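Chemist: Here's a structure for you.
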Amino acid sequence: MALLSLIKVYQAYGHVPLLDHADLSVEPGERIALVGRNGAGKSTLLRIVLGEITPDDGERRVQTGLKLAAVAQEPEFGRALTIEQAVAQGLGETQALLDEYTRIAEDPNHTADALDSISQRIDAVQGWQMGAKVQAALTRLALDGNRPLAGLSGGQRKRVAIARALVAQPDLLVLDEPTNHLDLEGIQWLEDTLLAFAGSVLLVTHDRRFMDRVSTRIVELDRGHLQSYPGNYSAFRQRRAELDHAEQLANARFDKLLAQEEVWIRKGVEARRTRSVGRVARLEDMRRERAERRNRQGNVNLAIDTGNLGSKRVAELENVSKTWVAESGERILAVKDFSATILRGDKVGIVGPNGAGKTTLLKLILGQLEADSGTIKRGQGLEVAYFDQLREQLDPERTVVDTIAPGGDTIEIGGQKKHVMSYLADFLFPGARARSPVKSLSGGERNRLLLARLFARPANVLVLDEPTNDLDIETLELLEELIRDYDGTVFLVSHDREFLDNIVTQTIAWEGPGQWVEYAGGVTDWLTQQARRQATRAADAGKAVAASPVAAATPAPAAVSAPAADAKRAVKLSYKEQRELDELPDRIAKLEAEQATLNAKLADPNYYVTAGAEAAATAARVAAIDEELMELLARWEALEAKRSGTV
């Protein structure tokens, strides 16, 4: 039986329905991802699911006793001062009872009857165990309950909000853009948390890789209707492409037939004498159907004018270090002994946890900060365009038109003048919307406006700080294509793994306080190479310990009993095992040589352009070699341990 059902729900703002007699059901254990264009009505649908608004028509049915919990894009915590207090809000009325018990107990004039009465009410809802649930949630989600909320970053506040929702043990958890503000580690933590969650999940997100791992069903909101697709996002994308093609063919056939009928109805007097009444009625029906057809929203028309490409070298950093002083007066190391060379055309991804120093590193590269030590050489003629994740460049009181062309009605793109209204139409801002104030725009619309402002002037260096937040998937894919074809240099700060992997040619990753390491390829390549480095270090450390003179000279304990001594005695390997052990070094060497060759290919930025699908196959082979190497190293260690009698 469905936990929650929406039946023929209709909701309209103005003359266009956001939900046009739409149906939705949520079954136990499902994890549903809701997708759709910006402004399609996803947030409205979530509010109807949560019972916050009543639809204009249709019915909302919920299972008796259904527990709902939600996490908003920007969580609010009311009067809570600490993380523990905020998480405890998820207990709802039970927490209010516990607070009342504490107040009565601390009152020196309280009566036994009052305390007994509140105790019985707490017993009735099993409230005494709730405090333990809060502590368990804090421990499981690695949160310090005594830490004040005031100093938390956006990602930390999102973790607290999720913990607050989970502690209520809801049957249905509703998440609106849950990956916004979370770093890579936080996103992986959220994936694991949702996969272990026993209830159902309904979420809105633009993170394609997150959907691929978490979702069991995709529901698309398109032109007022809900269409369900079983499986993850990859399966949805393939099926959606097939349906889009079929819809285009059907519309083309319909439009061709309508055009033929319009020609027939306008023929001369002789033709009209033979008109069929049924044919005329069908034409009227076709006209009505065509007028009521809601075409899919167009795509953003993105284009960047690179202007003068500038010098070949963008920046060369050698042993650069930088510290900054926190409000507490503590000196924090942001960058330590970092060296790198950035060339024109590089697409550089910068990844690291919130507060690691990504912005500091960017400002050092671009000359907005000077290093404490080390040298930085920058190229000539750099023209930088900056996309700010906080949208601080936008004045909320100005109109969309004034934001793009203050005091004028034209802008110059690629040496050619274009009317500002036509330019804004390319970014899906129709006439009325273009004259609206910025403060009336949704999050996705503000991001589109920031992109429009960014691309309205020539730039040979693009700095994109979390550009994917609030953008719909169609716009994300167009932005990916634009950046891939861009001739200038790109610095991309993002936690969207799919977006990074599809764009960047190299990754600068945070690996500890002040420690930044440059890798070839995207996030997946970085994680693969990092795992291989850690495995190599562990293997080297094991060999060093085994070869240590101290270890070799250390005498065996004298008091070991005879059975224990026998257990440590070396074991002779079988012929097959000895042969396998002898062959392992050559097998490992061959795999490492193959991997080195493939990594050399992947390190070349031009390879991603010329190789096409082969690049993905190469990266997959590198990952497969990693797994083979780990298995061979483990087998080698096991055989050596058996031969030496250490097992």
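Chemist: In nm, give the distance between the simple-model label positions of Ala132 and Lys8, each being 7 Å from the Cα along the Cα-to-Cβ direction.
Modeler: 5.0
Chemist: Now for a separate question. Can you pull the percent of Cα pairs in the stretch 85-201 with separation above 23 Å?
Modeler: 38
Chemist: Still on this structure: What Rg and what Dmax come out for the stretch 13-70 when only alpha-carbon atoms are used, in angstroms?
Modeler: In Å, with Rg to one decimal and Dmax whole: 12.3, 37.
Chemist: Which of rounded, prolate, oblate describes the stretch 377-458, given a ≥ b ≥ c as roots of the alpha-carbon gyration tensor eigenvalues and a/c under 1.5 marking rounded, otherwise prolate only if a/b is larger than b/c?
Modeler: oblate
Chemist: Going by a ≥ b ≥ c, the root eigenvalues of the Cα gyration tensor, does the stretch 347-389 fall in the rounded group (a/c under 1.5), the prolate group (a/b larger than b/c) or the oblate group?
Modeler: Note, shape of the stretch 347-389 comes out oblate.
Chemist: Related question: In whole percent, and with a 1.4 Å probe on the protein chains, what portion of the accessible area of the stretch 415-465 is carbon and sulfur?
Modeler: Answer for the stretch 415-465: carbon and sulfur cover 50 percent of the accessible area.
Chemist: Sticking with this one: Going through the cross-link list Lys312/Lys358; Lys42/Lys158; Lys322/Lys363, which pairs have a Cα-Cα distance over 18 Å in this structure?
Modeler: Check vs 18 Å cut-off fails for Lys312/Lys358; Lys42/Lys158.
Chemist: Quantify how much of the Cα-Cα distance distribution of the stretch 424-486 extends past 20 Å, in percent.
Modeler: Summing the P(r) of the stretch 424-486 above 20 Å gives 26 percent of all pairs.
Chemist: Now for a separate question. What is the extension gain from Glu27 to Arg287, computed as 0.36 nm multiplied by their sequence separation minus the C-alpha to C-alpha distance, in nm to one decimal?
Modeler: Gain on extension, Glu27 to Arg287, equals 89.6 nm.
Chemist: Sorted from largest down, what three extents in whole angstroms do the Cα atoms of the stretch 337-436 have along their principal axes?
Modeler: 52, 32, 22
Chemist: How much length is gained if the chain between Ala641 and Ala150 is pulled fully straight, taking 0.36 nm per residue apart and subtracting their Cα-Cα distance, in nm to one decimal?
Modeler: Using 0.36 nm per residue and subtracting the Cα-Cα distance, I get 171.4 nm.
Chemist: For Arg61 paired with Arg253, estimate the spin-label separation in nm (one decimal), with each label point 7 Å from Cα along the Cα-to-Cβ line.
Modeler: Label-label distance for Arg61 and Arg253, simple model: 3.5 nm.
Chemist: For the stretch 28-121, give the percent of accessible area contributed by carbon and sulfur heavy atoms, probe 1.4 Å, rounded to a whole number.
Modeler: 44
The values are calculated or read from the model by the stated rules, or taken from the named source; none is laboratory data. Remember, predicted model here, so these are calculated numbers, not experimental data. No Cβ is skipped: glycine too gets one built from the backbone with ideal geometry, and neighbour counts run over all protein chains shown. Please note that ligands, DNA and RNA were not included when accessible areas were found on the heavy atoms of the full protein model with its side chains. Shrake-Rupley method; radii C 1.70, N 1.55, O 1.52, S 1.80 Å.
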